[in-house]
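Peer 1: Submitted below is the structure of interest, expressed as structure tokens.
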């Protein structure tokens with residue numbers, strides 16, 4: 001403890017001197033961060049470090065000095081003072097409980113974050129690259145998801161595809177009941193799980209439920225099974241929340257764009273007039289919201305419910321895809 | 001027009017045949033996308049292409065076929081059919097008004113998007129890398145912004161720094177009035193604008209306004225001046241909206257994290273108990289929201305108002321910074 005206080009005092013002196021030197025080089029009254037009495041300033045600085053009521057203030061003081069140091073015209077002087085600044089910053093960052101040291105992490109989620117896990121080589125052989133994309137109607141989200149899947153050469157699933165797959169599974173199940181042949185289902189689960197038959201028997205088991213709920217739960221099962229067996233892009237269907245609840249690693253993206261831009265986009269691609277497009281989008285947003293909030297209990301489109309939210313209108317389709325690919329950092333894969 | 005219809009018919013046949021071939025290779029009733037009568041299916045497919053009521057359905061059909069084609073075990077067969085699929089996709093994408101072709105862009109914003117402009121080498125000598133970071137309290141946003149600025153070796157500005165700079169400018173202005181010496185101000189505007197004196201004279205001119213509004217407008221001026229003269233990270237202060245309204249290129253980020261994670265983070269760094277932390281955060285969120293919405297008329301924390309929203313708790317401080325840097329794609333710089 002004593003050592004720490006001593007260190008803080010010493011650092012306070014170095015910070016004070018740095019400010020003074022920067023001031024001399026810059027040569028203006030604006031260049032001085034500490035204008036008060038030296039002794040008081042040193043006590044204040046040391047206190048900021050060892051009582052740390054809020055790292056914030058100390059950081060602002062330091063940033064102010066370095067911002068000014070960067071304007072020094074003499075290159076060698078600037079270099080010398082920036083080196084001293086960097087060295088001070090390192091010392092401060094090595095103090096216990098200093099700013100920037102206490103991390104912010106959602107431990108459960110971070111362990112499920114495909115991106116982080118991949119970076120840290122903490123993925124098991126059974127983990128796949130699952131990209132869940134939620135989007136607002138008219139934001140180009142479907143185009144982006146489809147093209148992304150195509151570029152990554154992985155499967156693409158949207159509502160229509162799920163509907164078709166569900167219908168076929170149902171048809172196949174009936175056929176299977178007759179013949180006992182599971183072969184046809186295999187392509188959706190390349191790796192055979194021991195519980196394949198069990199899962200399949202359970203499929204469509206939600207008898208007491210209203211039809212739409214039964215569909216949702218069957219779809220949830222299907223999404224989990226897919227995510228366990230292959231890399232893919234999944235559009236909507238609350239896939240992010242479903243996978244989170246089932247502890248299956250994935251990346252969750254939300255793609256949106258300002259309302260007026262979406263209106264224009266919908267008018268362009270659906271041959272609607274302004275009034276029709278506005279009505280259509282309002283209705284779709286309402287439905288999306290209702291569906292997501294009903295089945296997940298989470299708020300639709302709230303940034304903290306996703307890994308990343310992208311405003312597609314600020315990039316355009318092509319650059320949005322590139323942005324996502326850069327985020328995936330495929331070098332690491 | 002006639003040509004286009006012919007092309008659509010021809011593509012319909014190729015799609016139908018591809019589905020049939022994939023079906024043969026996969027060998028299951030699930031493998032067949034088109035189970036109806038051939039003539040009807042071809043008419044339906046061609047119609048999807050040339051009446052294009054919604055590209056969506058056609059895309060889903062194609063994705064379903066390619067998803068299945070990717071499961072073909074025989075490598076050379078798979079390769080052959082995927083080449084045919086890619087070729088069909090390219091043909092469809094070259095049709096007029098097909099899916100994925102109508103871009104979604106906010107033209108005004110895209111011209112101001114630092115990132116896009118940089119990529120396309122459309123930046124002028126006078127454009128700078130300006131990163132505006134909005135964040136919720138407790139999301140680690142300040143730590144991220146400070147560290148990012150340090151890594152990029154550019155200036156960092158937050159509320160405290162602005163306050164100090166404003167005070168000094170005020171002091172300097174008074175001094176200047178006496179001595180006529182503008183030198184001290186120069187470091188905040190490395191390039192001398194011809195209107196320097198005018199701007200400076202205008203500084204703090206908002207007389208009739210309540211004090212907080214005068215402060216806001218002076219700060220807005222300062223932010224615009226900074227953004228015109230140097231690369232920097234600007235925390236909060238509605239900088240994104242201010243720069244947008246003034247047509248100055250910038251990147252806008254919103255950093256947040258789920259409420260319960262922020263509560264834990266605030267408890268850790270501010271030595272608060274649960275109750276204090278919850279009350280503190282609710283109050284700060286309310287203030288942030290009120291301030292932003294009052295001065296910008298935009299909704300605070302709505303994904304489409306930013307280029308990108310990041311959930312810092314899903315990455316942690318270090319990886320969030322890395323994510324942003326990867327997004328900046330510094331290779332291009």
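Nothing in this text is a laboratory measurement; each read-out follows from the coordinates by a stated rule. As the structure is a computational prediction, the values presented were derived from the model and not from experiment. Glycine gets a Cβ as well: all are built from the backbone with ideal geometry, and neighbour counts include every protein chain shown.
Peer 1: Ranked by Cβ crowding within 10 angstrom, fewest neighbours first, how are B:111, A:94, B:220, A:139 ordered? Write out the running numbers ahead of the final one.
Peer 2: On the way: B:111 13, A:94 10, B:220 19, A:139 26.
Ranked by crowding around the Cβ, least crowded first: A:94, B:111, B:220, A:139.
Peer 1: For the rotation that superimposes chain A on chain B, which residue of A has the C-beta lying nearest to the axis, and at what distance in Å?
Peer 2: Looking at chain A's Cβ atoms against the axis toward B, the nearest is A:309, 2.
Peer 1: To continue, here is another question. Using a label point 7 angstrom from Cα along Cα-to-C-beta, what distances in nm, from shortest up, separate residue B:9 from the other copies?
Peer 2: Ordered by increasing distance: 9.5 nm.
Peer 1: Additional query: Sort B:99, A:216 so the one with the fewest other Cβ atoms within 10 Å of its own Cβ comes first.
Peer 2: Fewest to most other Cβ atoms nearby, the residues stand as A:216, B:99.
Peer 1: Inter-copy label distances at residue A:211, 7 Å along the Cα→beta-carbon direction, one decimal in nm, shortest first?
Peer 2: 6.7
Peer 1: What percent do you get for the relative contact order of the range B:233-333 when only Cα pairs under 8 Å and 6+ apart count?
Peer 2: Reported relative contact order: 34 percent.
Peer 1: What distance in nm lies between label points placed 7 Å from Cα along the C-beta direction at residue A:75 and residue B:213?
Peer 2: The answer from the label model is 5.0 nm.
Peer 1: Counting other C-beta atoms within 10 Å, which of A:44, A:250 has the fewest, and how do the rest follow? Write down the numbers at each step before the final one.
Peer 2: Working: A:44 16, A:250 25.
Exposure proxy ranking, most exposed first: A:44, A:250.
Peer 1: Under the definition of Cα pairs under 8 Å and six or more residues apart, what whole-number percent is the relative contact order of the range A:2-93? Present the calculation step by step, with values, prior to reporting the outcome.
Peer 2: Working: 78 pairs, mean separation 32.8, N = 92.
That works out to 36 percent.
Peer 1: Compute log10 of I(q)/I(0) for the range B:2-93 with the Debye formula, placing one identical point scatterer on every Cα and leaving out solvent, at q = 0.15, 0.25 Å⁻¹, to two decimals.
Peer 2: Those come out to -0.53, -1.35, one per q.
Peer 1: Which residues does the label zone of residue B:44 cover in the range A:148-166, counting backbone N under 13 Å from a point 7 Å along Cα→Cβ?
Peer 2: A:164, by backbone N distance to the label point.
Peer 1: If you don't mind, another one. List, shortest first and in nm to one decimal, how far the label point of residue B:294 (7 Å from Cα along Cα→Cβ) is from its counterparts in the other copies.
Peer 2: For residue B:294, the other copies' label points sit at 4.0 nm, shortest first.
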